[in-house]
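Just so you know, all these numbers are worked out from the coordinates, no wet-lab data involved. Since the structure is predicted, the reported quantities are computational estimates derived from the model, not experimental observations. FYI the Cβ positions are ideal-geometry reconstructions off the backbone, even for glycines, and counts take in every protein chain you see.
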Amino acid sequence: MTELFPIIAPVLLGVILGFFWGKRGLPYDSAFISNLVFNLGVPFLVFATLTRIEIEIGAFGIMAAAALVALAGFLFATFLLLKIFGLKQKTYLATVMTPNTGNVGLPLCLLAFGDEGLAFGIIVYSLVATTQFTFGLGMAAGTASPREFARIPLIYALAAALIFVLTGTKPPLWIANSTKLIGEMAIPLMVITLGVSLAKLKFVNAWTGLGLSVFRLAMGFGVGFAVAELFGLEGVARGVLILQSAMPAAIFNYMLAMQFDNEPGNVAGVVFISTVISFLTMPFLLSFVL
């Protein structure tokens, strides 16, 4: 715990500060902050990190492939569980299958594994975020549009970074410093916004939320571990994949449920309970991957 607490404490403290800020009703425009983080902070963080870290492009490719296989595993396992228990696919499928690789996952990857871990974590996050804005949006709205994919700033930041990675060049210093400075706002705002959002959640069907929350965390760890073994991942890459896979349900699913009136109370239960449980299990998860 002496070694693990410095990793967990910053994330937990940020969430707690945000939670009590939200409970006190202090001004906090979550919609504005979320848009700022997703449209500016995260894209700049992605570009700055990937162009700064020396990692072979093949390692990135393997991590991306492993993350895609893990997502397919999440989809299959969640679909099967919901089918067995007769729960609505539209309400729960995207919620349970997509982990919170941003608000919780990225800070943990950085604190546990440094810049290399953040770079690998960004690869997983990018694929999960793309899934949320395509498949997740389609499930909540009842329809999907290819235009949504083209509107994700993260995609363009990733493409721009890969140009420098593939050519073995570095961006001009003024671009590197600017993207690093703006990108560094993303992670603190992510954890604080998560806390504020949790303070405002109102959920129903607590027992269903508890069961699906336990399933999300257990499935994430099991699938992440199996895929890491399948791809022969080692070291930081292995730790990041398992860590990101075992994250709680993403808060973004609740925002979509609210927007499209897709039983937000049920979705909130999974998000809130899985997040609380994840902080209790986090020391064991970190001790396993480190």
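Here Rg and Dmax of the Cα atoms in Å was computed from the coordinates, and among [x] 17.0, 49; [y] 17.9, 55; [z] 18.7, 63 the match is [y]. Residue-wise HN-Hα couplings along the range 236-248, as the Karplus relation 6.51 cos²θ - 1.76 cosθ + 1.60 with θ = phi - 60° gives them from phi, are 4, 4, 5, x, 5, 4, 5, 4, 5, 5, 8, 6, x Hz; Gly and Pro carry x. In the chain the longest region clear of GluC sites (Glu not before Pro) that are loop-assigned by DSSP and have at most 16 other C-beta atoms within 10 Å covers 57-183. Legend: residue pairs Lys90/Lys200; Lys23/Lys88; Lys88/Lys202; Lys83/Lys202; Lys90/Lys202, Cα-Cα distance threshold 29 Å; pairs beyond threshold, Lys23/Lys88.
Fewest-first ordering of Asp115, Asp29, Asp261 by other beta carbons within 10 Å of each residue's beta carbon gives Asp261, Asp29, Asp115. Phi-derived couplings, Karplus 6.51 cos²θ - 1.76 cosθ + 1.60 at θ = phi - 60°, listed residue by residue for the range 125-131: 4, 4, 6, 5, 4, 5, 4 Hz, with x used for Gly and Pro.
When the Gaussian network model of the chain links Cα atoms closer than 10 Å, the mean-square fluctuations of Val42, Val96, Val69 top out at Val69. Taking every DSSP helix (H) stretch of at least 4 residues in the chain, weighting each as -39,500 (n - 2.57) and dividing the sum by the residue count yields a mean residue ellipticity at 222 nm of -25000 deg cm²/dmol.
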